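Only one structure is covered here, and it is reproduced in the block below.
Every read-out reported here was derived from the displayed coordinates using simple, explicitly stated rules and does not represent laboratory data. Please read these numbers as outputs of a predicted model, since none were measured by experiment. Every residue, glycine as well, gets a Cβ built from its backbone with ideal geometry; the counts of neighbours run over all protein chains shown.
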Amino acid sequence: MVYKNFFYRFIISVLLISFYFFSLDNKSILFLLITFIYIIIFYETYINFKKYQKLIIIYLTLSYLSFLLFYIKYFDYNSLNILIISIILFDTFSYFVGRLLGKNFIFKTISPKKTLEGYLGGFSLTNLIFIVYYNVFKPDIALINFLMLINLIIFFSILGDLIQSFFKRKNNIKDSSNLLPGHGGFFDRFDSFITSIIFILFYSIL
């Protein structure tokens, strides 16, 4: 069953990433894709989250309005790509390192499967990948500022995951829905983006 879930998780991840990169050719398609994802998450919240529902809706609305403002006034492909890639790398590395080496469980009452080893592995390997990226492509930003951006995204990524896990625990559900085999629901899959896009908006403004 574990391998079956991993297979589903891998296939769905590849499809979602493919949809995202396909949409990069057209800003309007990207907007519609992300808006569609938010609509599904609102639907999952309405159907499956009875406790704290109004609070979750406010949280999701704030996130979507942040995305909307970013899209209208501050849209930048580089910032969005860094956000998406940081989340994917950190989530992937944390998952595998946690499963292979994870022993010290943290946040047990909120997200019982998260381990210190997983977080440290995700943090270290994501930073390593971006250091290599920086030295190869040499973006027009100081390395320290670049890594600070990456690690702030990681921080808000973790925060988004914990917020969503908190709401699930309070509602006694394992997944937000079963719409994405191997992942649960769209809220489960995009929990890190929901919080990180708020940060990216403020980063863009500043």
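Which value, in Å³ per residue, describes the convex hull spanned by the Cα atoms of segment 65-151?
Working: hull volume 9.5 nm³, N = 87.
Measuring per residue, one finds 109 Å³ for the Cα hull of segment 65-151.
Strictly over 19 Å apart at the Cα level, which of K50/K170; K103/K168; K54/K114; K50/K114; K114/K174; K108/K170 would you flag in this model?
On the way: K50/K170 9 Å; K103/K168 23 Å; K54/K114 27 Å; K50/K114 25 Å; K114/K174 14 Å; K108/K170 14 Å.
Over 19 Å apart, Cα to Cα: K103/K168; K54/K114; K50/K114.
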Discussion item. Can you give me the distance in nm between label points at F155 and I29, each placed 7 Å from the Cα along the Cα-to-Cβ direction?
Written reply: 3.6 nm
Discussion item. On a straight-distance basis, which aspartates and glutamates could pair with K27 in a cross-link, Cα separation under 15 angstrom, same-chain partners fewer than 8 positions away excluded?
Written reply: D76
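Given the Cα-Cα distance of I17 and S124 and 0.36 nm per residue of separation, how much length would full extension add, in nm?
36.3 nm
Can you give the direction-averaged projected area of the convex hull of the alpha-carbon atoms in the chain, in nm²?
Numbers: hull surface 46.8 nm².
Its Cα hull, projected and averaged over all orientations, spans 11.7 nm².
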Worksheet, complete the sentence: Per the helix-only model, the chain has a calculated mean residue ellipticity at 222 nm (DSSP H runs of ≥4, -39500 (n - 2.57) each, divided over all residues, rounded to the nearest 500) of -26500 deg cm²/dmol
